[in-house]
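Undergrad: Here you go, one structure.
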Amino acid sequence: MISLRKITQFLLSAGLMMAIAVTGNLALSSQNAQAATSANLTTTEIAWGFGNRAEATAKEVEGKVQESVGNVSGDRQDEIMGKAKQAQGQVRNAAEDVKTSIQDNVDLEGRAKAVQKNVEGKLQETAGQVTDTPEDQVMGKAKQSESQVRNAAEDVKSAAQDLLN
């Protein structure tokens, strides 16, 4: 007679193989679509991004299979471990979502630099006024002007991005 442990191992293996096959196909089709639409990402970056997403999905599927096996066999430890693996996969997917969001909002870096220059300029101008140093006052105003130029450049980038989307 086949032991319950052997059935569990078989079901886990079968589930993992299905998850790997599905996520592998998903990653390849998504990689081709992404490569066609994004000239900024290299093939390696695309492959790594989808690889991480595929691993996260595989972990979720593995957890679902293990939880199901635990439910069928009455093994509470398998149920708990399955739920834990699902949570781990969900956390990994959430991390990938954050990465994607950051990549989609790269213009925030430019805005942050503009704000930084503006603050530096105001501080330097104020220090120049307090110490009665015209050079610091002029340099502070120059940094503030640079900040305005950076913000204008970011506005142009955003407008161009909106036109492309």
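The values are calculated or read from the model by the stated rules, or taken from the named source; none is laboratory data. Computed from a predicted model, the values in this text were never measured in an experiment. All Cβ positions, even for glycine, are placed from backbone atoms using ideal geometry, and neighbour counts span all protein chains on display. Note: accessible area is taken over every heavy atom of the protein model, side chains too, but ligands, DNA and RNA are not part of it. Shrake-Rupley method; radii C 1.70, N 1.55, O 1.52, S 1.80 Å.
Undergrad: Can you give the Rg to Rh ratio of the stretch 87-165, both from alpha-carbon atoms, with Rh computed by the Kirkwood formula?
TA: In the stretch 87-165, Rg relative to Rh is 1.26.
Undergrad: For a 32 Å ceiling on Cα separation, which of these pairs sit above it: 64/99; 83/113; 122/157; 99/141; 59/157?
TA: 83/113; 99/141; 59/157
Undergrad: Pull out the extension gain between residue 129 and residue 99, defined as 0.36 nm times the separation in residues minus the alpha carbon to alpha carbon distance; nm, one decimal.
TA: That works out to 6.5 nm of additional length.
Undergrad: Run the numbers for residue 164 and residue 83: contour at 0.36 nm per residue of separation, minus the present Cα-Cα distance, in nm.
TA: Taking residue 164 through residue 83 to full extension adds about 25.0 nm, to one decimal.
Undergrad: Here is a follow-up. Ignoring everything but the protein chains, give the 1.4 Å probe accessible area of residue 115 in square angstrom, nearest 10.
TA: Surface open to solvent at residue 115 totals about 90 Å².
Undergrad: Sort 69, 61 by accessible area with a 1.4 Å probe, largest first.
TA: Per-residue accessible area, sorted high to low, gives 61, 69.
Undergrad: Still on this structure: For the stretch 66-129, treating each Cα as an identical point scatterer without solvent, what Debye log10 I(q)/I(0) comes out at q = 0.17, 0.22, 0.25 1/Å?
TA: Per q value, in the given order, log10 I(q)/I(0) is -0.73, -0.86, -0.94.
Undergrad: Another question, then. Apply 1/(1 + (r/R0)^6) to the Cβ-Cβ distance of residue 76 and residue 113, taking R0 = 41 Å, and write down the FRET efficiency to the nearest 0.05.
TA: On the way: r = 54 Å, r/R0 = 1.31.
For residue 76 and residue 113, the calculated efficiency is 0.15.
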